[in-house]
Structures are given as C-alpha cells and as structure tokens.
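Worksheet: one structure, shown below.
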Amino acid sequence: MKRFGVKKIVVLISLLTAFLIVLYTIIAAVQIVQYGKVDNKTKCDVAIVLGAATLGEEVSPVYRERINHGIWLYENGYVDYLVLTGGVGEGNEKSDAFVAKQYAVENGVPEQAI
C-alpha cells in the first residue's frame with residue numbers, strides 16, 4: 001500500500017476543512033432564508049412602537065416605518081392598541097411619542113386606540 005506524504009495529508013485535510021466550512025455556510029444560509037418565511041403573528045392587546053427620533057413635527061424614516069407597521073397590525077386586527085414611545089429630542093418642542101401619535105391619527109388610527 002502506497003503511503004501518503006505529509007504534504008498530501010495536509011492538502012486533503014485542508015480541502016476537507018474548506019468543504020465543511022462551505023457546506024456549513026450553505027446550510028446556515030438556507031436555514032436563515034427558511035426562518036424568514038415563518039409568520040408568528042398572533043393576536044395581542046397592544047403593540048409597543050419604539051421611538052426613533054423626530055425631525056421637528058415630522059417622524060424620521062425609521063420611526064415612520066415602525067409606526068406604519070404598528071398601524072398595519074392595528075388595521076389587520078392583530079392589536080387593539082398602540083403604545084408610541086419617545087421623548088423630547090434635542091431641538092424639538094414636542095416628544096417623539098406625541099408626533100408619532102399625530103402621524104398615526106392622520107393615517108386612520110383612532111385616538112382612543114393610542
């Protein structure tokens with residue numbers, strides 16, 4: 001039986017290791033994609049929308065999307081109420097929560113639901 005040289009063994013081990021790393025990465029990527037398709041929405045009493053800054057009387061793009069998601073949950077019956085959060089940022093006269101409430105009301109959420 002022919003002996004493998006040390007270099008050949010090192011090369012084989014390196015190739016096997018690289019193959020396992022690539023395989024693991026592919027499996028992890030597939031699992032991440034599959035988990036992203038899982039929908040765990042359930043009916044709750046309230047959704048808490050975390051503040052993300054306002055620019056004067058206007059919500060920031062990030063906060064707007066958070067509020068829009070809360071509005072969607074409310075409109076589709078997943079929550080009965082929205083809790084909007086956020087303090088008074090530097091240079092603002094009104095709290096982020098107050099500006100967010102105005103935005104939500106303008107977009108169809110009744111004031112009693114906030």
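The values are calculated or read from the model by the stated rules, or taken from the named source; none is laboratory data. Fair warning: this is a prediction, and the values are worked out from it, not measured in the lab. Virtual Cβ from ideal backbone geometry, glycine too; neighbours counted across all protein chains shown. All accessible areas refer to the heavy atoms of the entire protein, side chains included, with ligands and DNA or RNA removed. Shrake-Rupley method; radii C 1.70, N 1.55, O 1.52, S 1.80 Å.
Anyone know which of 25, 85, 42 comes out most mobile in the 10 Å Cα GNM of the chain?
25
In nm, give the distance between the simple-model label positions of residue 8 and residue 33, each being 7 Å from the Cα along the Cα-to-Cβ direction.
3.8
Note the listed values (1) 32; (2) 60; (3) 42, then indicate which one is percent of Cα pairs over 20 Å apart calculated from this particular structure.
(2)
For a quick check: with amide H placed at 1.01 Å from N, whose amide H comes under 5 Å from residue 48's, ignoring anything fewer than 5 positions away on the same chain?
83
From the residues 74, 98, 53, which one has its Cα farthest along the dipole of segment 47-112 in the positive direction, the dipole being from +1 and -1 charges on Cβ of Lys/Arg and Asp/Glu about the Cα centre?
Result: 74, furthest along the dipole toward the positive end.
Amide H neighbours of residue 55 under 5 Å, counting only residues 5+ apart in sequence or on other chains, H built in-plane at 1.01 Å?
Here the answer is 60, since their amide H atoms fall under 5 Å of that of residue 55.
Can you list the DSSP H helices in the chain whose Cα atoms extend at least 20 Å along the helix axis and whose mean Kyte-Doolittle hydropathy is 0.0 or higher?
What comes out of the filter, once short or polar helices are dropped, is 6-36.
Positive end of the dipole of the chain, charges at C-beta (+1 Lys, Arg; -1 Asp, Glu), about the Cα centre: which of 44, 11, 109 has its Cα farthest in that direction?
The residue sitting most towards the positive pole is 11.
Once ligands and nucleic acids are excluded and a 1.4 Å probe is used, how much of residue 75 is accessible, expressed in Å² to the nearest 10?
Surface open to solvent at residue 75 totals about 110 Å².
In nanometres, what is the gap between the two model label sites at residue 16 and residue 48, each 7 Å from Cα along Cα-to-Cβ?
5.1
Per DSSP helix of 4 or more residues, -39500 (n - 2.57); summed, then divided by the residues of the chain. What does that give at 222 nm, rounded to the nearest 500?
Taken over the chain, the calculation gives -17000 deg cm²/dmol.
Step through the residues of segment 88-94 one at a time and calculate ³J(HN,Hα) from phi using the Karplus curve (6.51 cos²θ - 1.76 cosθ + 1.60, θ = phi - 60°), rounding each to whole Hz and writing x for Gly and Pro.
Result, rounded to whole Hz: 8, x, 4, x, 9, 9, 10.
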